[in-house]
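For reference, the structure discussed in these notes is given below.
The values are calculated or read from the model by the stated rules, or taken from the named source; none is laboratory data. As the structure is a prediction and not an experimental result, all values here were calculated from the model. Glycine gets a Cβ as well: all are built from the backbone with ideal geometry, and neighbour counts include every protein chain shown.
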Amino acid sequence: MIPHSELLKLKRWNTPTIYNGWEQLTKSDAGKEGFNLEESTDFMPQMGPMAGYAITLVIEPGNPVHQKTNTDVWSDYRAYVASVPGPKIVVVQDLDKPNTFGSFWGEVNSNVHRTLGCVGTITDGSIRDVDEMTNAGFKALAKRLSVGHAYSTPVRWNCEVEVFGRKVKPGQLIHADKHGFLVIPEEDEQNLLEAAIFMDNNECNTVIAAARNADGKTNSEILKDINKASSLFKKAVKEKFGSKGEW
């Protein structure tokens, strides 16, 4: 795990910026892997990005059987949550999909998980008590809002889950905001922050600067400047990472 201080620095950047750095580091197919393939909604965009390590949970709020048969499940599940170092993001797969019968998340669960070191959740189910969750400092990316909780009992945890078309294993680093979320392979964690900052600086110093410095110029002059800046951008990326860059 990277230091908590570095996670705090990762939170200063939006998830697309982190992605820009990650795609230069990874051996994965950055065009298809790592991020959510289905639309998610950030219900607390004003809280900014969140970064943390995944703990995982499976629920099935539409099935009353779990609540009747798993009598000690809450105690066991909370012990799991408490046993993992933070900061943590709870990734929850709802087996009722495509239906949504009830929410695991609300005022009570968000406060409990926050005090156990969790900073937020990503769930392909629903949430409720949005204002109260926000007040608890607990961020949520979810499918929708709902009124009730139905039979929101933990079914299993500390296992691979799939949410919004992306598989997530316990312990994987996640960065998330209003754009969606990115699941970082372990081998890409160490230099992620440096790569993201480099890519952002490179954009600002080259292509964005050329595009913004266009007052009084003809289209021909603007295009010439942008093409030159694009070449400089790609050169810097190739020198840093040995790749061709994105422009």
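Just need a number here: residues in the range 2-30 that are in a loop (DSSP other than H, G, I, E, B) and surrounded by 13 or more Cβ atoms within 10 Å (Cβ to Cβ). Full working, then the answer.
Quick first cut of the range 2-30, residues in a loop (DSSP other than H, G, I, E, B) only: 2-3, 11-14, 26-30.
Next, from what is left, pick out any that are surrounded by 13 or more Cβ atoms within 10 Å (Cβ to Cβ): 2, 11-14, 26, 28, 30.
Adding up the residues that qualify gives 8.
Quick check on A209: is it modelled with pLDDT under 95 and either on the phi > 0 side of the Ramachandran plot or part of a helix (DSSP H, G or I) (or both)? So that I can check it myself, show each step before the final result.
Working: modelled with pLDDT under 95: no; either on the phi > 0 side of the Ramachandran plot or part of a helix (DSSP H, G or I) (or both): yes.
The answer is no for A209.
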Determine, yes or no, whether A211 is surrounded by 14 or more Cβ atoms within 10 Å (Cβ to Cβ) and of a type in the set (G, A, S).
no
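Please tell me if V84 is in the same structural domain as E38 (by TED's automatic domain parsing), surrounded by 17 or more Cβ atoms within 10 Å (Cβ to Cβ) and touching a residue at least 24 places away in the same chain (Cβ under 8 Å). If you could, list the steps in order and put the result at the bottom.
Values: in the same structural domain as E38 (by TED's automatic domain parsing): yes; surrounded by 17 or more Cβ atoms within 10 Å (Cβ to Cβ): no; touching a residue at least 24 places away in the same chain (Cβ under 8 Å): yes.
So V84 fails the test.
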Lone unmet requirement of (1) surrounded by fewer than 17 Cβ atoms within 10 Å (Cβ to Cβ); (2) at pLDDT below 95; (3) over 19 Å from the mean Cα position of the chain (by Cα) for S152:
(1)
Given (1) more than 22 Å from H149 (Cβ to Cβ); (2) touching a strand residue (DSSP E or B) at 6+ places or on another chain (Cβ under 7 Å); (3) surrounded by fewer than 16 Cβ atoms within 10 Å (Cβ to Cβ); (4) not hydrophobic (A, V, I, L, M, F, W, C), number of the condition T41 does not satisfy
(1)
